[in-house]
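Colleague: Sending over a structure as structure tokens; questions will come in a sec.
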Amino acid sequence: MSKPSIPEGTRDFGPEVLAKRNYIFDTIKKVFLKYGFQPIETPTMEKLSTLTGKYGEEGDKLLFKILNNGDFLQKANQDALSEKNSTKLISSICERGLRYDLTVPFARYVVMHRNEITFPFKRYQIQPVWRADRPQKGRYREFYQCDADVVGADSLMHEAELVKIYDTVFSLLNLKVIIKVNNRKVLEGVAEVAGISDQFMDMTIAIDKLDKIGLDGVKKELLDRGISENAFEIIEKVLKSKTLSEISALLENSEIGKKGIEELKKFHTYLDPLGTDNEVQFDITLARGLNYYTGCIFEVAAKDTPMGSIGGGGRYDNLTGVFGLQGVSGVGISFGADRIYDVMETLQLFPESAQKQLQVFLVGLDDATHLFAFQCAAKLREKGIVTDLFPEPAKIKKQMEYANKRNAAYVIVIGEEEMQTGKLSLKNMQNGNQEKLSLEEIINLITHTI
RNA sequence: GAGGAUGUAGCUCAGUAGGUUAGAGCGUCGGUUUGUGGUUCCGAAGGUCGUGGGUUCGAGACCCAUUUUCCUCCCCA
């Protein structure tokens, strides 16, 4: 009998961790709701046909596939089986897979429910996703995404709205971030001007790495990918320009490029009057891998600690198109809750309130006071105060230790004297202060300090 | 998917050139003569040394395989 364990890249969450995780989820949820987004959920597994081909070749490899039930080998592709060709075999033995993100299932949802949905449709979705990636720091095989998307509206108001949501959530979490913004059309314009429209993907992948490998590294990568020196010189000019207007000048001869610049300007006319707590920064090197983005793209990076992106999103014009619904534009953002957690943990940003779940712990010293404490607990709970007590009268020290481990904010000690006078001993576990108050006074105090 | 490092009590780690009953701190549990935790003092429990093979008279230490975690690459939240 071996020790029990869980699959690579997955984790258990204990009460303390979950309290902090929920603090993140609750904050995000609250802001989503405030902006008029409505929650939906989709199944853990989707048909493989829904998922494959949506995330590029690499993405397909990272999909978790679910083996068919029953005698799947009977129905398997016998050629693939004898050739031991796994890729070829998959389609005949797996017809379902675990969801890889929330956007594609959402697109599928929109198409399936198009007649029930009133457009523009604003939905949010907080659910786990799975990727068969090699786990690393900040990278798990099971992790949560918190998505907000708007479909059925072209207005760049929504881009501004979503960036404002990023700003609001991270302000509430007290996490300093940089929100990077770019536009795929601008990047396409660059490729066009450089004469390498057919190698658009190669170009974006390379320039995305600028801050990591430097200009020389980008050059090498571009040349390795078969892009000419001439084309690179144009790209170099673009990379060296810092502002929108500088790039705008370089894209004079590209219709699509100019369109992208226009979109960014429009986005700013919505966002700028609102103002943001965090820096919103135009970043021409921002590319984003998922190849369904077509307009503005966003990425969020934590300021005070190195970590991959903790959020990303953008505009996609054609997403529902692959499921047969044309002409529906969407724009969305995603929060990577697990990475946000890791960053907040290293920066110690979780407030005390996210860790103090138990507000009151009652201590009864003998049978009579324990019974009385149980009745007090009922009254506190009626008032919505999170209350607990020991299952039986026990030594005060033992009960205090337990209350401390449970991280209780207050302890009420009830002995014979307290029960008779009705003045209970209320101890603040934070500073150790203790005073005698009636249960009503205690209820007042606690409901008002929260 | 490619390459590299790693795995010893619940946690963080010691363990000297392979040699008797594998250690520490923290944590856990129990006491400290009975109404106060986080912050006295005393004591106890807890490990077939990731797993499976192999070399050896003998392996936690050496070899092989496998697995976990971490780090590059790829890509991303």
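Colleague: Could you look through the range A:256-282, keep only residues that are in contact (Cβ under 8 Å) with a residue 24 or more places away in the chain, surrounded by fewer than 16 Cβ atoms within 10 Å (Cβ to Cβ) and out of contact with any Lys or Arg (no Cβ under 8 Å at 6 or more places or on another chain), and pick out the one that is nearest to A:I165 (Cα to Cα)?
Modeller: Filtering the range A:256-282 for residues that are in contact (Cβ under 8 Å) with a residue 24 or more places away in the chain, surrounded by fewer than 16 Cβ atoms within 10 Å (Cβ to Cβ) and out of contact with any Lys or Arg (no Cβ under 8 Å at 6 or more places or on another chain), the one nearest to A:I165 (Cα to Cα) comes out as A:D277.
Colleague: Looking at this structure, is A:K356 under 27 Å from the mean Cα position of the chain (by Cα), at pLDDT below 90 and within 30 Å of A:E435 (Cα to Cα)?
Modeller: yes
Colleague: Check whether at least one residue in the range A:283-300 is surrounded by fewer than 17 Cβ atoms within 10 Å (Cβ to Cβ), in a loop (DSSP other than H, G, I, E, B) and within 12 Å of RNA strand B (Cβ to nearest atom), and report yes or no.
Modeller: Yes.
Colleague: Inside the range A:375-389, can you point out the residues that are surrounded by fewer than 14 Cβ atoms within 10 Å (Cβ to Cβ) and either without any contact (Cβ under 8 Å) to a residue 60 or more places away in the chain or not assigned by TED's automatic domain parsing to the domain that holds A:Y410 (or both)?
Modeller: Listed by number, the residues that qualify are A:Q375, A:A378, A:R381, A:E382.
Colleague: Please go through the range A:108-136 and give me each residue that is of a type in the set (V, I, T), more than 16 Å from RNA strand B (Cβ to nearest atom) and more than 30 Å from A:H268 (Cα to Cα), ordered by number.
Modeller: The one that is of a type in the set (V, I, T), more than 16 Å from RNA strand B (Cβ to nearest atom) and more than 30 Å from A:H268 (Cα to Cα): A:V111.
Colleague: Shifting gears a bit: Can you tell me which residue among A:K122, A:K54 is crowded, with 18+ Cβ neighbours inside 10 Å, outside the structural domain of A:F335 (by TED's automatic domain parsing), within 30 Å of A:K259 (Cβ to Cβ) and not aromatic (F, W, Y)?
Modeller: Among A:K122, A:K54, only A:K54 is crowded, with 18+ Cβ neighbours inside 10 Å, outside the structural domain of A:F335 (by TED's automatic domain parsing), within 30 Å of A:K259 (Cβ to Cβ) and not aromatic (F, W, Y).
Colleague: Now for a separate question. Have a look at A:F200, A:F267 and point out the one that is assigned by TED's automatic domain parsing to the domain that holds A:G314 and at pLDDT below 90.
Modeller: The unique qualifying residue is A:F200.
Colleague: Please specify each residue of the range A:203-226 satisfying the condition of being touching a residue at least 60 places away in the same chain (Cβ under 8 Å) and either aliphatic (A, V, I, L, M) or over 21 Å from A:N291 (Cβ atoms) (or both).
Modeller: A:I205, A:I207, A:L210, A:D211
Colleague: Shifting gears a bit: Which of the residues that make up the range A:382-396 are within 9 Å of RNA strand B (Cβ to nearest atom) and modelled with pLDDT of 90 or more?
Modeller: A:I396
Colleague: Another one. So in the range A:74-104, with the set limited to residues that are part of a loop (DSSP other than H, G, I, E, B) and at pLDDT 85 or above, which one is surrounded by the fewest Cβ atoms within 10 Å (Cβ to Cβ)?
Modeller: A:Q74
Colleague: Which one of the conditions (1) in a helix (DSSP H, G or I); (2) touching a helix residue (DSSP H, G or I) at 6+ places or on another chain (Cβ under 6 Å); (3) β-branched (V, I, T); (4) under 30 Å from A:Q281 (Cβ atoms) does A:V343 fail to meet, given that it meets all the rest?
Modeller: (2)
Colleague: Which one is nearest to A:I117 (Cα to Cα), of the residues in the range A:137-146 that are within 9 Å of RNA strand B (Cβ to nearest atom) and part of a strand (DSSP E or B)?
Modeller: A:Q145
Colleague: Another question, if that's okay. Which numbered condition in (1) under 30 Å from A:Y124 (Cβ atoms); (2) more than 13 Å from RNA strand B (Cβ to nearest atom) is the only one that A:K356 fails?
Modeller: Result: A:K356 fails condition (2) only.
Colleague: Exactly one condition in (1) over 19 Å from A:F374 (Cα atoms); (2) more than 8 Å from RNA strand B (Cβ to nearest atom); (3) surrounded by fewer than 11 Cβ atoms within 10 Å (Cβ to Cβ) is false for A:E435; which is it?
Modeller: Tallying (1) over 19 Å from A:F374 (Cα atoms); (2) more than 8 Å from RNA strand B (Cβ to nearest atom); (3) surrounded by fewer than 11 Cβ atoms within 10 Å (Cβ to Cβ), A:E435 fails exactly one: (3).
Colleague: Specify which of the listed residues (A:G312, A:G321, A:G327, A:G308) is of a type in the set (G, A, S) and assigned to a strand (DSSP E or B).
Modeller: On inspection, the qualifying residue turns out to be A:G312.
The values are calculated or read from the model by the stated rules, or taken from the named source; none is laboratory data. As the structure is a computational prediction, the values presented were derived from the model and not from experiment. So basically every Cβ, Gly included, is an ideal-geometry build from the backbone, and we count neighbours across all protein chains shown.
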